[in-house]
Amino acid sequence: MKQRYFIYFSYNGAAYVGWQIQPNGISVQEVMQKAFSTILRTDIELVAAGRTDAGVHAKMMIAHVDLELQDMQVLELVNKLNSFLPHDIAISKMVKVQPDSHARFDAVSRRYEYHLLCEKNVFLNDYAMRVYHPLDFEMMNKAAETLYEYTDFTSFSKLHTDVKTNNCKVMHAQWTFEKDRWVFTIEADRFLRNMVRAIVGTLLEVGKGKMSVAEFREVIESKNRCNAGVSVPGKGLYLVNVNYPDVIFMEGKG
């Protein structure tokens with residue numbers, strides 16, 4: 001009898017068109033499904049917590065899958081998959097969940113980070129955005145706080161997407177300095193396509209003094225993507241956490 005599992009994994013998104021299978025390049029989903037299908041010798045479909053765009057990384061992504069395994073086989077499968085997968089995708093664990101659990105629809109929140117470099121760093125150029133001008137992070141944080149007051153984020157959404165609503169609830173949005181970089185952390189119940197990168201690009205306008213906090217509000221209220229800033233590159237964006245209700249886990253929280 002098949003059992004539903006949540007797969008916890010990470011990936012460096014530089015070589016991929018994103019999570020979701022697309023006709024224009026190699027996706028993380030395609031590579032992982034091929035690995036599962038090859039090892040298990042049957043077609044396997046993975047359903048993830050969400051899609052990430054081209055070049056975006058995941059420190060922790062979750063997908064669900066239905067498999068017929070014994071308890072001892074789970075760790076063996078994880079080890080085999082990690083040996084088969086390329087160096088830029090790694091599975092950390094698989095945990096049992098309730099049969100109707102859904103990696104995407106049961107998620108109560110998702111957390112992203114965006115990394116900025118203010119100085120040249122030869123080791124991080126491919127994993128963060130370099131800025132060449134001073135930024136007022138205090139004002140950027142004041143602008144970020146206004147995100148809590150709104151639910152319609154059409155202004156930060158990629159145009160012509162097929163979602164039914166552009167409403168999201170932002171629970172956390174803050175810039176902090178960590179060792180050698182500035183990190184913007186944002187958590188919400190859901191995200192629109194391109195939303196984090198568009199928010200960061202608009203906050204940079206505030207940081208450069210080209211937009212006030214009041215004008216940042218006006219951008220949100222306009223519900224017009226053309227009024228927001230340019231989307232920042234995907235290489236600095238990381239999905240870092242996805243939260244679920246404890247009740248869906250069969251062996252303690254994942």
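Would you point out the residue of the range 92-123, among those that are of a type in the set (Phe, Trp, Tyr) and exposed (fewer than 15 other Cβ atoms within 10 Å of the Cβ), that is nearest to GLU68 (Cα to Cα)? Write out each step before concluding.
Within the range 92-123, the subset of a type in the set (Phe, Trp, Tyr) is 105, 112, 114, 123.
Remaining after also requiring exposed (fewer than 15 other Cβ atoms within 10 Å of the Cβ): 105, 123.
On the way: PHE105: 23, PHE123: 42 Å.
Of everything passing the filter in the range 92-123, PHE105 is nearest to GLU68 (Cα to Cα).
Suppose we filter CYS168, CYS118 for residues that are farther than 26 Å from GLY209 by Cβ and either in the same structural domain as HIS57 (by TED's automatic domain parsing) or of a type outside the set (Phe, Trp, Tyr) (or both); which single one remains? Reasoning before the result, please.
Numbers: CYS118 fails: farther than 26 Å from GLY209 by Cβ.
Sole residue among the options that is farther than 26 Å from GLY209 by Cβ and either in the same structural domain as HIS57 (by TED's automatic domain parsing) or of a type outside the set (Phe, Trp, Tyr) (or both): CYS168.
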Worksheet item: So which residues in the range 207-230 are closer than 22 Å to ARG111 by Cβ and part of a helix (DSSP H, G or I), if there are any at all?
Response: GLY207, PHE216, ILE220
Worksheet entry | Verdict on ALA48 being within 20 Å of GLN3 (Cα to Cα) and outside the structural domain of VAL196 (by TED's automatic domain parsing) | yes
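Only one residue in ILE62, ILE89 is modelled with pLDDT of 95 or more, surrounded by 15 or more Cβ atoms within 10 Å (Cβ to Cβ) and in contact with a helix residue (DSSP H, G or I) (Cβ under 8 Å, 6 or more places away or on another chain). Which one? Break it down stepwise before answering.
Working: ILE62 fails: in contact with a helix residue (DSSP H, G or I) (Cβ under 8 Å, 6 or more places away or on another chain).
That would be ILE89, the only listed residue that is modelled with pLDDT of 95 or more, surrounded by 15 or more Cβ atoms within 10 Å (Cβ to Cβ) and in contact with a helix residue (DSSP H, G or I) (Cβ under 8 Å, 6 or more places away or on another chain).
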Worksheet entry | Top-ranked residue of the range 89-142 - restricted to ones that are hydroxyl-bearing (Ser, Thr, Tyr) and over 27 Å from ASN194 (Cβ atoms), ranked as nearest to the chain's Cα centre (by Cα) | SER92
Item to complete: Select, from ALA35, ALA14, the only residue that is crowded, with 16+ Cβ neighbours inside 10 Å, touching a residue at least 24 places away in the same chain (Cβ under 8 Å), not hydroxyl-bearing (Ser, Thr, Tyr) and not assigned by TED's automatic domain parsing to the domain that holds ASN125.
Response: ALA35
Worksheet, complete the sentence: The condition from (1) surrounded by fewer than 21 Cβ atoms within 10 Å (Cβ to Cβ); (2) closer than 29 Å to GLU113 by Cβ that VAL56 misses is numbered (1)
Discussion item. Pairs needed: first member in the range 205-221, assigned by TED's automatic domain parsing to the domain that holds LEU192; second member anywhere, charged (D, E, K, R) and at pLDDT 95 or above; C-beta distance under 6 Å; at least 6 residues apart or different chains.
Written reply: GLY207/ASP136; MET211/GLU205; VAL213/LYS142
Worksheet item: Can you name the residue in the range 141-166 that is outside any loop (DSSP other than H, G, I, E, B) and small (Gly, Ala, Ser) and, of all such residues, is nearest to VAL219 (Cα to Cα)?
Response: SER155
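Conditions tested, residue by residue: (1) touching a Ser or Thr at 6+ places or on another chain (Cβ under 8 Å); (2) modelled with pLDDT of 95 or more; (3) under 30 Å from PRO99 (Cα atoms); (4) not basic (Lys, Arg).
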{"position": "MET171", "(1), (2), (3), (4)": "yes, yes, yes, yes"}
{"position": "PHE177", "(1), (2), (3), (4)": "no, yes, no, yes"}
{"position": "GLU187", "(1), (2), (3), (4)": "yes, yes, yes, yes"}
{"position": "LEU192", "(1), (2), (3), (4)": "yes, no, yes, yes"}
{"position": "GLY201", "(1), (2), (3), (4)": "yes, yes, no, yes"}
{"position": "GLU205", "(1), (2), (3), (4)": "no, yes, no, yes"}
{"position": "LYS210", "(1), (2), (3), (4)": "no, yes, no, no"}
{"position": "SER222", "(1), (2), (3), (4)": "yes, yes, no, yes"}
{"position": "ILE248", "(1), (2), (3), (4)": "yes, yes, yes, yes"}
Worksheet item: Which residues, counting only those in the range 169-189, are part of a loop (DSSP other than H, G, I, E, B) and either β-branched (Val, Ile, Thr) or farther than 22 Å from HIS115 by Cβ (or both)?
Response: LYS169, ASP189
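The values are calculated or read from the model by the stated rules, or taken from the named source; none is laboratory data. All values derive from a computational prediction rather than experimental measurement. Note that each Cβ is placed from the backbone with ideal geometry, even for glycine, and that neighbours are counted across all protein chains shown.
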